[in-house]
Amino acid sequence: MTIDNIFKQIQDIVSAPTPPVIVLGSGASISYGIASMWSLATMLKDYFSSKSYVSESSKECVNRFLSLLEGGKGLEDALLEAKVTEEVEKDIVINVWKMIVKQDIEVYKQAISGESIDLKELFDYLIYNREGVELNVVSTNYDKIAEYAVSQSEAYLNTGFASNYLGQLKVNLDGCPTRLKESYTGKVNIWKVHGSLDWFKKDNVTYCFPNMLEIPAGYTPCIITPGNNKYEKTQQPPHRELLSKVDECFTKAKGFLCIGYGFNDEHVQPVLLNKASKNGLPIIIVTKEIVDSIRKNVMDAKHNFIAIYSNDANGCIIETKDDKLSIPDKEYWRLKEFCTIIK
């Protein structure tokens, strides 16, 4: 495998008539200062260390949670084993929302000041000069970095919600106003399976209120945090409808471009991996680190993959199911550098 050969493979996948479905994980946001799982765990550890509950069951689950974190468990595993109560889960949702929304608004300020979001370059490349192209982006993140990137491009942005300041989930999730199509270059659908910072629930109805810095009175943030109720929450609206749309996108896909995604979400990847396995579809993985779940679910499973990741220095490693290439002086696992490959 030569550099020219692997670059040609990547270019062919990304430049195909039907663009690959993009899957965004937390690694796509960390470089913008959005909290990692470790940062969220530290914040929750501090919060619960000084929080007292009347309920014995809540006291017990918080003690278990803190003990598991102290023992080295990751946030999701600790929350699963602790089996948090409803009131503890509510506090987790509120505190996670408050932490991330402060970080997200800083990215928004950068975007409106003219600083280009790295994803914009990728989106522009995938939709430019492709008449009627529709790009599907599946995100497990709560932040709105992908939305900011689309807004900087000339594409029509669709998140499944009505485009107004009291937006509700649309009946036709991927509908686009026909009369507006001439004003845009392509269309980008962003399917956020775990919710978004600007989604809020009241009386079982979910609304989209853009760029709120405080939780509106009477509403709760519509985000799914790690824990024992994660599966149950994904079966409720709007997550159920969005997951169905994600499955549809994966079923129709011709390839996948996964950015900072660790393949550790059982609600997202089964259809992706099944489709890729049956049809030998390419999976491009761009990430800083190959975590165990990527190695197990994609690489060891002998999928048709191209993985680009850090060599823990100032270069990168490009690995396929057949070969491995070390590039000592280029960090192609960074999205901005990856875009130089496809152009």
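No value in this document is a laboratory result; all are computed from the given coordinates. Just so it is clear, the model here is predicted, and its values are computed rather than measured. Ideal geometry is used to build each Cβ from the backbone, glycine not excepted, and the neighbour counts take in all protein chains shown.
A few notes on this one:
- Low-density loop cleavage sites - GluC sites (Glu not before Pro) in the range 194-285, where at most 13 other Cβ are within 10 Å (DSSP): E214, E266
- Calculated P(r) of the range 209-275 - Cα pairs past 14 Å, %: 68 percent
- Using the rule -39500 (n - 2.57) for each DSSP H run of four or more residues, divided by the residues of the chain, the 222 nm mean residue ellipticity is -12000 deg cm²/dmol.
- Principal-axis analysis of the Cα atoms of the chain puts helix 269-279 at an angle of about 20° to the longest axis.
- 3J(HN,Hα) along the range 154-160, derived from phi through the Karplus expression 6.51 cos²θ - 1.76 cosθ + 1.60 where θ = phi - 60°, amounts to 9, 8, 7, 8, 10, 10, x Hz, with x in place of Gly and Pro.
- Viscosity 1.306 mPa s, 10 °C: Kirkwood-radius Stokes-Einstein D of the range 239-291 over Cα pairs, µm²/s: 136 µm²/s
- Partners for K245 among aspartates and glutamates (Cα-Cα distance below 13 Å; same-chain residues under 8 apart left out): D174
- Axis of helix 3-14 versus longest Cα principal axis of the chain: the two differ by about 70°, to the nearest ten degrees.
- Modelled spin labels at S244 and Q110, positioned 7 Å past Cα toward Cβ, are 3.7 nm from each other.
- Placing dummy labels 7 Å off each Cα toward the beta-carbon, the span from E214 to N63 is 3.6 nm.
- Tilt relative to the chain, helix 56-70 - C-alpha long axis, 0 to 90 degrees, to 10: 40 degrees
- Whole-percent pair-distance distribution, where bins are 5 Å wide, for the alpha carbons of the range 51-171: 2, 9, 13, 15, 15, 11, 9, 11, 8, 4, 2, 1, 0
- Rounded to the nearest 20 debye, the dipole size of the chain about its Cα centre is 540 debye, using +1 on the Cβ of Lys and Arg and -1 on the Cβ of Asp and Glu.
- Selected from L173, Y142, S57, residue furthest toward positive end of dipole (the chain; charges at beta carbon): L173
- Distance between the range 257-310 and the range 200-220 - C-alpha centres, whole angstrom: 34 Å
- Restricting attention to the range 247-343, the count of lysine pairs at 8 or more positions apart or across chains with alpha carbons under 18 Å apart stands at 20.
- Cα-derived Rg over Rh, computed across the range 195-343 with Rh taken as Kirkwood radius: 1.05
- Between the range 121-164 and the range 1-33, the Cα center-to-center distance that results, in Å: 16 Å
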